[in-house]
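Visitor: The structure's right below; bear with me while I get my questions together.
The values are calculated or read from the model by the stated rules, or taken from the named source; none is laboratory data. What you see is a predicted model, and the numbers here were worked out from it, not measured in a lab. Using ideal geometry, Cβ is built from the backbone for each residue, glycine included, and neighbour counts are taken over all protein chains shown. When the accessible area is computed, the model is the full protein with side chains, heavy atoms only, and any ligands, DNA or RNA have been set aside. Shrake-Rupley method; radii C 1.70, N 1.55, O 1.52, S 1.80 Å.
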Amino acid sequence: KQWYQRRVAITAGILDKNGPVYSAQWNPSRDEFIILYGFMPCKAAVYNTKCDVIHNFGENHYNEILFNPQGNMVGLCGFGNLRGKMKFYDTTTKKMLSEFTASDTTYFEWAPSGDIFITGTLSPRLRQDNEFKIWNVKGKILHHHRVDKDVQLWQLKWVNSPTVLPAPPIPAPLTSKEIAAAKPQAYRPPSSRSGGPQATRKLIDHGSNLPNVNDGVYKPHSGNQVSKQALKNQRKRENRAANKATDAATTDSKDFQAAVVDEREKKLKNLKKKKVPTATLR
């Protein structure tokens, strides 16, 4: 009855954002749990046994809550149809330890030691580019294995320890500068970036020794030696231009002759209509 009352309280008033509940997990070493709820980007919050919110991780694109076996670290991740973004936190201080992306991840599992984990791209969820990676909590890839194209990877599993190993040390949390650097930055055109115009001028100065290109015709500097292929291409372009000019002149001459003939034929037709004697035409 007590648990039922708590569940009603959660669904009735504590979840303050509409949408589905993607995941809910107990901390294996503490009397607290995390819920991911609400339409994307979903909310992530930590609750105690009285269903009071003791910490809010904010909103992001998550659908998995992954505590390590010792319960002193947790990963909030977005797998499946999400992009594989992962954030890891210290469950005591609730400070962020790392943030990185593991694209195309369909499987995740902590090692029994609690300080490294494995991710995999497995069949039948994804039948191409099957692979697995071993990471540490800070996002460093310790091992990467990709299977052959004609081979499919079906399952991964750590060899479990018969007992829970001691809690691993917590790495240093991210600083405010590292967190700011990890956030996606708004697009800034090159002209508004630091050193943008100077870099452009420097590029133009360094390019002063490049060959000139004017109207599509290669014109080398006096100090450069022209290759045979460049001269050949130049002659081809000049011949094409001359042929075009000749064709245009021929077309104009033909058009003029045709216009004269048409004018004479019109005069003959008009005279025939008026029935003028033939001698008048001479």
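Visitor: Name the one entry in G84, G75 that is of a type in the set (G, A, S), in contact with an Asp or Glu (Cβ under 8 Å, 6 or more places away or on another chain) and free of Cβ contacts under 8 Å to residues at least 40 places away in the same chain.
Guide: Working: G75 fails: free of Cβ contacts under 8 Å to residues at least 40 places away in the same chain.
Step by step, each of G84, G75 is checked, and only G84 is of a type in the set (G, A, S), in contact with an Asp or Glu (Cβ under 8 Å, 6 or more places away or on another chain) and free of Cβ contacts under 8 Å to residues at least 40 places away in the same chain.
Visitor: Another question about this same structure. What tally of residues in region 58-69 results from selecting those that are under 12 Å from D115 (Cα atoms) and either without any contact (Cβ under 8 Å) to a residue 40 or more places away in the chain or open to solvent by 20 Å² or more (accessible area, probe 1.4 Å) (or both)? Show your work before the answer.
Guide: Of the residues in region 58-69, the ones under 12 Å from D115 (Cα atoms) are 67-69.
From what is left, the residues that are either without any contact (Cβ under 8 Å) to a residue 40 or more places away in the chain or open to solvent by 20 Å² or more (accessible area, probe 1.4 Å) (or both) are 67, 69.
The qualifying residues number 2.
Visitor: Continuing with the same structure: Which residue out of L82, L76 is open to solvent by less than 50 Å² (accessible area, probe 1.4 Å), assigned to a loop (DSSP other than H, G, I, E, B) and out of contact with any Cys (no Cβ under 8 Å at 6 or more places or on another chain)? If you could, list the steps in order and put the result at the bottom.
Guide: On the way: L76 fails: assigned to a loop (DSSP other than H, G, I, E, B).
Checking each option against the conditions leaves just L82.
Visitor: Where residues in region 94-128 are part of a loop (DSSP other than H, G, I, E, B), more than 25 Å from the chain's Cα centre (by Cα) and charged (D, E, K, R), which of them is farthest from K138 (Cα to Cα)?
Guide: K94
Visitor: When you go through A102, A167, A111 one by one, which is the residue that is more than 18 Å from A44 (Cα to Cα) and either in contact with a Lys or Arg (Cβ under 8 Å, 6 or more places away or on another chain) or surrounded by fewer than 16 Cβ atoms within 10 Å (Cβ to Cβ) (or both)? Talk me through it step by step, then tell me what you get.
Guide: Working: A167 fails: either in contact with a Lys or Arg (Cβ under 8 Å, 6 or more places away or on another chain) or surrounded by fewer than 16 Cβ atoms within 10 Å (Cβ to Cβ) (or both); A111 fails: either in contact with a Lys or Arg (Cβ under 8 Å, 6 or more places away or on another chain) or surrounded by fewer than 16 Cβ atoms within 10 Å (Cβ to Cβ) (or both).
Just one listed residue meets the conditions, A102.
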